[in-house]
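Trainee: Mind looking over this structure? Questions follow.
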Amino acid sequence: MKIESKYDPSGVEEKWYAYWMKNGFFKSKPDEREPFTIVIPPPNVTGVLHMGHMLNNTIQDILVRRARMMGKNACWVPGTDHASIATEAKVVAKLASEGIQKEMLTREEFLEHAWDWTNKHGGIILEQLKRLGASCDWDRTAFTMDEARSRSVIKVFCDLYKKGLIYRGVRMVNWDPTALTAVSDEEVYHKEVNGQLYYIRYKIDKADTNTSEGEALSTPSEHDYIVIATTRPETIFGDVAVCINPNDPKNARLKGKRVIVPICNRVIPIIEDEYVDIEFGTGCLKVTPAHDVNDYVLGQKYNLESIDILNDNGTLNSYGHHYEGKDRFEVRRLIVDELADKGLIEKIEPYVNKVGYSERTNVPIEPKLSMQWFLRMEQLAKPALEAVMNDTIKFHPAKFKNMYRHWMENIKDWCISRQLWWGHRIPAYYLPDGSYIVAETEEEALSQLSIVN
């Protein structure tokens, strides 16, 4: 037998993988052997393999092959994730190239396009895994939107809802103005951006304290103002208070006073809380509960109003006055010019800021109050934390144990709803009065309704 002088991977690897597949070496059926099963973390149906997949799948393949050689009943279950945001974005872009806007279609028509796209492109990453030699049981290939998985998702949702672990409410979420949907914390990445810090003058209200809040009051002296530093001057229309640290001597004169928000001339109170960093900026913090996570916490603490100034697509709404309908970043540029013309810009400094971006569309996300569905995580995190802390599950390297503990102890409720057409539908059936019934099927929902009535 002649041995080639150079290794030809295409010939060798394809030949032997075809032989493995023909002989069913990777197939697994339950028997008396000790089971060893790995379910592949499903890659996005929109994707292609990258180096992260290579590392992850190589480790899985090593573990499965080792178990198989040890005589265990090894089963590596392959599959793909329907990737709701990423897939919908791909389909929307494809339709746009054909002159079709999503808004022109019904939900059912759009889903036909989505399934066509998925059936055409969805198998690419699985074929790449085969080319790598992954020893999966391909007869078990699953898709997170197939019938079996969809039934399971609906069933688990209803079970968690009945246990009180799923609820619906208005909360601060990460809003993607391009995908027009909420995204979870795990779908937001932060990167440093070279921006600017704007020092804006807010005039101190000199009017009679008996005058009702919100009125446009008499104009104070041009030099009687406070200065607030912000990276987002376009959000001043949502300001409902200014906060100072009660231990800050340089701002002690402001206690109990009120200021006038520039341009919209709304009168807002000065409140005190030790949350404010005395050293940052001027020590005066504009509080905009509807558009900042930390401001939202302050708003809840002091029972402040939340004024949402943004439309879902990132343009300003009627609270933006003459900027209504303009994009948030265009307004940032225009409002700085207007404030400068009014003599309300103290100074502008370069500032490096960490900005959250949507992992799916690569646009800056907006913290936004929105009605969504949430999963309570504290109770679910406890057994996951306990298993690691008692070393039932071990991390390698061990230093990641403390990082995991920090994650689990500080976990927040998970926003699980998305404003998309491609994906599992939340099994909530809405009634004319705004209430809803959660049930696995329409028939079950009607049955629950008849019991209630």
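The values are calculated or read from the model by the stated rules, or taken from the named source; none is laboratory data. These figures come from a predicted structure and were not determined experimentally. Cβ atoms come from the backbone with ideal geometry, glycine included; neighbour counts cover every protein chain shown. Accessible surface is based on the protein model in full, side chains and every heavy atom, while ligands, DNA and RNA are left aside. Shrake-Rupley method; radii C 1.70, N 1.55, O 1.52, S 1.80 Å.
Trainee: Which numbered condition trips up Gly99, out of (1) in contact (Cβ under 8 Å) with a residue 24 or more places away in the chain; (2) on the phi > 0 side of the Ramachandran plot?
Mentor: (1)
Trainee: Can you name the residue in region 406-440 that is β-branched (Val, Ile, Thr) and outside any loop (DSSP other than H, G, I, E, B) and, of all such residues, is surrounded by the most Cβ atoms within 10 Å (Cβ to Cβ)? Don't jump to the end; show me each part of the working.
Mentor: Step one: of region 406-440, the residues β-branched (Val, Ile, Thr) are 411, 416, 426, 437-438.
Those still in the list that are outside any loop (DSSP other than H, G, I, E, B) too: 437-438.
Numbers: Ile437: 17, Val438: 20.
The selected residue is Val438.
Trainee: Cβ-Cβ below 6 Å, separation at least six or inter-chain, first residue in region 282-309 and within 19 Å of Pro364 (Cα to Cα), second among the polar types (S, T, N, Q) and buried (at least 22 other Cβ atoms within 10 Å of the Cβ): which pairs?
Mentor: As it stands, the answer is Thr288/Thr235; His291/Thr235; Asp295/Thr288, since those pairs meet every condition given.
Trainee: Quick one: in region 14-45, of everything that is touching a Gly at 6+ places or on another chain (Cβ under 8 Å) and under 30 Å from Lys90 (Cβ atoms), which residue is surrounded by the fewest Cβ atoms within 10 Å (Cβ to Cβ)?
Mentor: Among those that are touching a Gly at 6+ places or on another chain (Cβ under 8 Å) and under 30 Å from Lys90 (Cβ atoms), it is Val39.
Trainee: Among the residues of region 59-95, write down those that are without any contact (Cβ under 8 Å) to a residue 40 or more places away in the chain, open to solvent by 20 Å² or more (accessible area, probe 1.4 Å) and in contact with a helix residue (DSSP H, G or I) (Cβ under 8 Å, 6 or more places away or on another chain).
Mentor: Within region 59-95, Val92, Lys94 qualify.
Trainee: Just need a number here: residues in region 308-317 that are open to solvent by 20 Å² or more (accessible area, probe 1.4 Å) and within 15 Å of Ile236 (Cβ to Cβ).
Mentor: 2
Trainee: Would you check if there is a residue in region 372-387 being assigned to a strand (DSSP E or B), of a type in the set (A, V, I, L, M) and at pLDDT 95 or above?
Mentor: Here is the first cut: in region 372-387, the residues assigned to a strand (DSSP E or B) are 372-375.
From the residues that got through so far, the ones that are of a type in the set (A, V, I, L, M) too are 375.
Right, trim to at pLDDT 95 or above and you get 375.
Yes: region 372-387 contains one or more residues that are assigned to a strand (DSSP E or B), of a type in the set (A, V, I, L, M) and at pLDDT 95 or above.
Trainee: Are any residues in region 309-344 touching a Gly at 6+ places or on another chain (Cβ under 7 Å) and acidic (Asp, Glu), and if so, which ones?
Mentor: Answer for region 309-344, where residues must be touching a Gly at 6+ places or on another chain (Cβ under 7 Å) and acidic (Asp, Glu): just Asp327.
Trainee: Can you give me the number of residues within region 157-188 that are open to solvent by 20 Å² or more (accessible area, probe 1.4 Å), over 20 Å from Lys412 (Cα atoms) and not charged (D, E, K, R)?
Mentor: The total comes to 3.
Trainee: Please specify each residue of region 270-280 satisfying the condition of being closer than 12 Å to Val242 by Cβ and open to solvent by 30 Å² or more (accessible area, probe 1.4 Å). I'd like the intermediate steps shown before the answer.
Mentor: Within region 270-280, the first condition is being closer than 12 Å to Val242 by Cβ, and the residues that meet it are 270-273, 276.
Across region 270-280, the qualifying residue is only Glu272.
Trainee: Mind checking whether some residue in region 110-124 is surrounded by 18 or more Cβ atoms within 10 Å (Cβ to Cβ), touching an Asp or Glu at 6+ places or on another chain (Cβ under 9 Å) and either under 26 Å from Asp176 (Cβ atoms) or at pLDDT below 95 (or both)?
Mentor: At the first step, the residues of region 110-124 found to be surrounded by 18 or more Cβ atoms within 10 Å (Cβ to Cβ) are 110, 113-114, 117-118, 122.
Next cut, touching an Asp or Glu at 6+ places or on another chain (Cβ under 9 Å) only: 110, 114.
Subsequent filtering for residues that are either under 26 Å from Asp176 (Cβ atoms) or at pLDDT below 95 (or both) retains 110, 114.
Scanning region 110-124, I find at least one residue that is surrounded by 18 or more Cβ atoms within 10 Å (Cβ to Cβ), touching an Asp or Glu at 6+ places or on another chain (Cβ under 9 Å) and either under 26 Å from Asp176 (Cβ atoms) or at pLDDT below 95 (or both), so the answer is yes.
Trainee: Of everything in region 339-372, what is touching a His at 6+ places or on another chain (Cβ under 6 Å) and surrounded by fewer than 15 Cβ atoms within 10 Å (Cβ to Cβ)? Give them in sequence order.
Mentor: Here is the first cut: in region 339-372, the residues touching a His at 6+ places or on another chain (Cβ under 6 Å) are 354, 356, 367.
The one that is touching a His at 6+ places or on another chain (Cβ under 6 Å) and surrounded by fewer than 15 Cβ atoms within 10 Å (Cβ to Cβ): Lys354.
Trainee: Which condition does Cys136 not pass, out of (1) assigned to a strand (DSSP E or B); (2) in contact with a strand residue (DSSP E or B) (Cβ under 6 Å, 6 or more places away or on another chain); (3) open to solvent by less than 30 Å² (accessible area, probe 1.4 Å), if it passes all the others?
Mentor: (1)
Trainee: Still on this model: Pairs please, first residue from region 5-30 and closer than 22 Å to Met69 by Cα and touching a residue at least 12 places away in the same chain (Cβ under 8 Å), second anywhere and among the hydrophobic types (A, V, I, L, M, F, W, C) and assigned to a helix (DSSP H, G or I), Cβ atoms under 7 Å, 6+ apart in sequence or on different chains.
Mentor: Phe26/Trp20
Trainee: Count, please, the residues in region 313-324 that happen to be touching a residue at least 12 places away in the same chain (Cβ under 8 Å) and out of contact with any Pro (no Cβ under 7 Å at 6 or more places or on another chain). Reasoning before the result, please.
Mentor: From region 313-324, those touching a residue at least 12 places away in the same chain (Cβ under 8 Å) are 313-316, 319-321, 323; that's our starting set.
Subsequent filtering for residues that are out of contact with any Pro (no Cβ under 7 Å at 6 or more places or on another chain) retains 315-316, 319-321, 323.
Total meeting the criteria: 6.
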